[in-house]
Amino acid sequence: MSRSAHPAGPRHADVLTEGHYSAPAADLNVLDEKVWSRTVTRDADGALTVGGITVARLAEEFGTPAYFLDESDFRARCRAWADAFGPDADVFYAGKAFLSRAVVRWLKEEGLNLDVCSGGELTTALDAGMPAERIAFHGNNKTVAEIERAVEAGVGRIVLDSFQEIVRVAHIAQRHGVRQRVQIRVTVGVEAHTHEFIATAHEDQKFGIALADGQAAEAVRRALALDGLELIGVHSHIGSQIFDMAGFEVSARRVVQLLAEIRDEHGVELPEIDLGGGLGIAYTSEDDPREPHEIAKALSDIVTRECESAKLRTPRISVEPGRAIVGPTAFTLYEVGTIKPLEGLRTYVSVDGGMSDNIRTALYDAEYSVALVSRTSDAEPMLVRVVGKHCESGDIVVKDAFLPADLAPGDLIAVPATGAYCRSMASNYNHALRPPVVAVRDGEARVIVRRETEEDLLRLDVG
Ligand SMILES: *Cc1c(COP(=O)(O)O)cnc(C)c1O
């Protein structure tokens, strides 16, 4: 995330000369609805409830740490994306953000399609009944075995990521006697981050085939020449946690230019373009994400305008939000353990999880918020760093935040907006047991991914 773009919060302790943190909210008991899922509220006793169930009950029944996923919020977000893009576009949920059988069923019921990028994700999708034609298969190094399975299953599209893969998929499709629908992933020379984007001429990354030096046009030539492939379009994905639509604008313009070149050279108008995912969500009160209908309008306006000026038929658009759908729908519930005040610095609050259930802070310097949720408090705010129980000093969950000064071991605290890239990136470091994901809806809570057990650990250890 781009720190510099955030207004600096007022300095708290005089020793803090760098690093960004928000000023304490006027009232730490108030939950900012921007960062919490839709059914979250505080009950009359001050405890946080989700789907009508208090965290004390959830902690008692399911233990901590645990992820609680607000199912009606998830479904509402799916519908908002589907409605915003309408019948002439396709929304593919990016499964890598978080995938389970229940999630697949919700997506299917709410009319979304699904992106997968490994055999494991494909298995989960098919096992839970997602029709293969609604699945897109991604990845920069799909194995032959994965491609075979995708082709056999009849996935709706494979997104080709290299020259070698064009040939690989064509051969496999031919062997199966089918024409596989494919898109070509191009790198458009746009690097997008939270609050800014950079348009570059060259792409120094492992994904896609570069537009800039004519490589993408050559890939199209080769794909069009192969019997096993039905080239349906071009794909671009420019980054993650993006708020600024300008990067998408440049990307869409370059992709449409390529379609025009393809029309001029080959006399074919490819029917589809995919503009990828990467739409940002609110992790803290300072983030202001766009609503799906604003995003849909911005993207379709750009594509329509560019196609008009290139005299192209407007292609069918698809998008691939992952984080923007699941991210805001879940929070992680932790129990407070050791509290260590460091005089003149900050207070370290240790929780019963850490980098094994949320690696994003260590990996990307991601920012999160946190709240005391088992009760309210009128105590003064104290500057805290929420850390885990792992053997790494970088095991930080929330770098800078404020919690009430009367925080005590046994209190429950929750980190919102952990639905995306937390459980899906969870690890067993220190032989931690990966936490469960519990779906909560209308007063009912059910485990959709169970907690790992020590037996699970030992079962894999066959030495
Ligand atoms: C990761 C990824 C997405 C989803 O990104 P989010 O930031 O979760 O929206 C979509 N498409 C592709 C190709 C990706 O690699």
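Scanning segment 253-268 for residues that are out of contact with any Asp or Glu (no Cβ under 6 Å at 6 or more places or on another chain) and either more than 15 Å from the ligand (Cβ to nearest atom) or not in a helix (DSSP H, G or I) (or both) turns up R254, Q257, L258, L259, A260, E261, I262, D264, E265, H266, G267, V268.
Residue-level check: of (1) within 25 Å of the chain's Cα centre (by Cα); (2) farther than 30 Å from T194 by Cβ, L458 misses just (1).
Looking at segment 426-449, is at least one residue open to solvent by less than 40 Å² (accessible area, probe 1.4 Å), farther than 29 Å from E121 by Cβ and touching a residue at least 12 places away in the same chain (Cβ under 8 Å)? Checked against the condition, which is being open to solvent by less than 40 Å² (accessible area, probe 1.4 Å), farther than 29 Å from E121 by Cβ and touching a residue at least 12 places away in the same chain (Cβ under 8 Å), segment 426-449 yields at least one hit.
Taking (1) within 22 Å of V55 (Cα to Cα); (2) within 16 Å of the ligand (Cβ to nearest atom) in turn, G337 satisfies each apart from (2). Within segment 134-154, if we keep just the residues that are open to solvent by 10 Å² or more (accessible area, probe 1.4 Å) and outside any helix (DSSP H, G or I), the residue that is farthest from V91 (Cα to Cα) turns out to be T143.
Tell me, please, whether a residue that is more than 30 Å from A371 (Cβ to Cβ), away from the ligand (no atom under 14 Å from the Cβ) and buried (at least 17 other Cβ atoms within 10 Å of the Cβ) can be found in segment 283-298. Yes, segment 283-298 contains a residue that is more than 30 Å from A371 (Cβ to Cβ), away from the ligand (no atom under 14 Å from the Cβ) and buried (at least 17 other Cβ atoms within 10 Å of the Cβ).
Output the residue which, of all residues in segment 157-210 that are assigned to a loop (DSSP other than H, G, I, E, B) and touching a helix residue (DSSP H, G or I) at 6+ places or on another chain (Cβ under 6 Å), is least open to solvent (accessible area, probe 1.4 Å). It comes out as V188. With respect to the conditions (1) open to solvent by 30 Å² or more (accessible area, probe 1.4 Å); (2) within 30 Å of A405 (Cβ to Cβ); (3) modelled with pLDDT of 95 or more, R101 falls short on a single one, namely (2). Scanning for something in contact (Cβ under 8 Å) with a residue 40 or more places away in the chain and within 20 Å of E165 (Cβ to Cβ), does segment 245-260 turn up at least one residue? Looking for residues that are in contact (Cβ under 8 Å) with a residue 40 or more places away in the chain and within 20 Å of E165 (Cβ to Cβ), one finds at least one in segment 245-260, hence yes. Please specify each residue of segment 104-113 satisfying the condition of being open to solvent by 10 Å² or more (accessible area, probe 1.4 Å), away from the ligand (no atom under 16 Å from the Cβ) and either within 15 Å of D73 (Cβ to Cβ) or not in a loop (DSSP other than H, G, I, E, B) (or both). Of everything in segment 104-113, those that are open to solvent by 10 Å² or more (accessible area, probe 1.4 Å), away from the ligand (no atom under 16 Å from the Cβ) and either within 15 Å of D73 (Cβ to Cβ) or not in a loop (DSSP other than H, G, I, E, B) (or both) turn out to be R105, K108, E109, E110. A count restricted to segment 361-400 and to residues that are open to solvent by less than 20 Å² (accessible area, probe 1.4 Å) and under 19 Å from the mean Cα position of the chain (by Cα) stands at 5.
Restricting I325, I413, I339 to those that are surrounded by fewer than 24 Cβ atoms within 10 Å (Cβ to Cβ) and either of a type in the set (A, V, I, L, M) or touching a Phe, Trp or Tyr at 6+ places or on another chain (Cβ under 7 Å) (or both) reduces the list to I339. Residues that are assigned to a strand (DSSP E or B) and β-branched (V, I, T) were ranked within segment 211-248; the one that is nearest to the ligand (Cβ to nearest atom) is I242. Filtering segment 114-133 down to residues that are assigned to a helix (DSSP H, G or I) and within 16 Å of the ligand (Cβ to nearest atom), which residue is nearest to the chain's Cα centre (by Cα)? Checking each candidate, the answer is E121.
Within segment 119-133, being crowded, with 18+ Cβ neighbours inside 10 Å and in contact with a Gly (Cβ under 8 Å, 6 or more places away or on another chain) holds for E121, T124, A125. Contact map, segment 146-162: first residue of a type in the set (F, W, Y), second residue more than 15 Å from the ligand (Cβ to nearest atom) and part of a strand (DSSP E or B), Cβ cut-off under 7 Å, separation 6 or more or different chains; the map is empty.
Could you tell me whether segment 151-170 includes any residue that is farther than 21 Å from I232 by Cα and of a type in the set (A, V, I, L, M, F, W, C)? No - not one qualifying residue is present in segment 151-170.
The values are calculated or read from the model by the stated rules, or taken from the named source; none is laboratory data. Predicted model only: the values in this text are computed from it and were never measured. FYI the Cβ positions are ideal-geometry reconstructions off the backbone, even for glycines, and counts take in every protein chain you see. These area figures cover heavy atoms from the full protein model, side chains too; ligands, DNA and RNA do not enter into them. Shrake-Rupley method; radii C 1.70, N 1.55, O 1.52, S 1.80 Å.
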